[in-house]
Each structure stands twice: as C-alpha cells, then as structure tokens.
Amino acid sequence: MADRFEALEEQLERFIENARQLGIIVSDFQPQGQNALNSKLQTMIQGMQEIDKLKTHMQDIHVPLDVFEYIDQGKNPNLYTKHCLEKALGKNEQIKGKIDAFKRFKAMLILELTDVFPKEMANYRALRGDDRPT
C-alpha cells in the first residue's frame, strides 16, 4: 500500500520539479532555447502520462472534499485531521457526560422507586439478578 503512495509522490515531485524548470526556461526564453523548451514540454507530457497510469492504483482512496477546501485556503491538510480528531474528542466528552447523567438518573430513579414501590422493586431486582442492598 505504501509503495503506491511513494510512487505517486515521486512522480508528483518529478513533475513539480519539471514544471519549475519549465518556468525558468520560459521566463528567460531565447530562440536558441527552443529545443530545450520542446524537450522539457515533452518531459512534462510524459510525466502527466505516468501520473495518469498511477490513478488505477488509487481508485479505492477517498479523500473528503473538506481536505481540498483546506488546501484551497492555503491550510495544511493535516489540520483537517487535527480538526476532525478535536471534534470527535469533544463529541466523545459530550456523549460521556450524557451517559454519566443517565447513570445518575437511573440510580436516583431506582432509589425513589424502591422507597415508593419496595415489593415491585425487589421483584425487579430479582428478575435482573441484582442482589445489591437497596
């Protein structure tokens, strides 16, 4: 699995470097540099073809659209992961609080019901296999 990412990363790095070099050639273009420009353009085309070939190895990869929004905003995509984890932790704390509140409510309810309906609660506890003292 990591090999396919490394291959794509390597191709993308090569492509970026070729694009940088192409930019240098174009920015200082001289007519005698036409062969160098043509050669670099051909290299760019081959690079795109190589990247296109790698897409078949990436079809099972799904990237959330929010990651692209982070990138478009100039943010590090790792911040998306961090944000999601922080959101999940916050939601986890919230749910844990609700669970704790329901546990306290259940304990108080059982105490109150035991005071009002001692026989019924004894039967309930016997059915539940709960032999704790009330």
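Selection of the stretch 44-70 for residues being surrounded by 14 or more Cβ atoms within 10 Å (Cβ to Cβ) and modelled with pLDDT of 90 or more yields MET44, GLY47, GLU50, ILE51, LEU54, VAL67, TYR70.
Can PHE5 be described as among the aromatic types (Phe, Trp, Tyr), touching a residue at least 24 places away in the same chain (Cβ under 8 Å) and under 30 Å from CYS84 (Cβ atoms)? It is false that PHE5 is among the aromatic types (Phe, Trp, Tyr), touching a residue at least 24 places away in the same chain (Cβ under 8 Å) and under 30 Å from CYS84 (Cβ atoms).
Would you confirm, using the coordinates I've provided, whether LEU41 is open to solvent by 70 Å² or more (accessible area, probe 1.4 Å) and without any contact (Cβ under 8 Å) to a residue 40 or more places away in the chain? Taking the combined requirement at face value, the residue satisfies it.
The values are calculated or read from the model by the stated rules, or taken from the named source; none is laboratory data. This structure is a prediction, so every number in the text was calculated from the model and none was measured. Please note: Cβ atoms are built from the backbone with ideal geometry, for glycine as well, and neighbour counts cover all protein chains shown. Areas reflect the complete protein model, heavy atoms only, side chains present, ligands, DNA and RNA absent. Shrake-Rupley method; radii C 1.70, N 1.55, O 1.52, S 1.80 Å.
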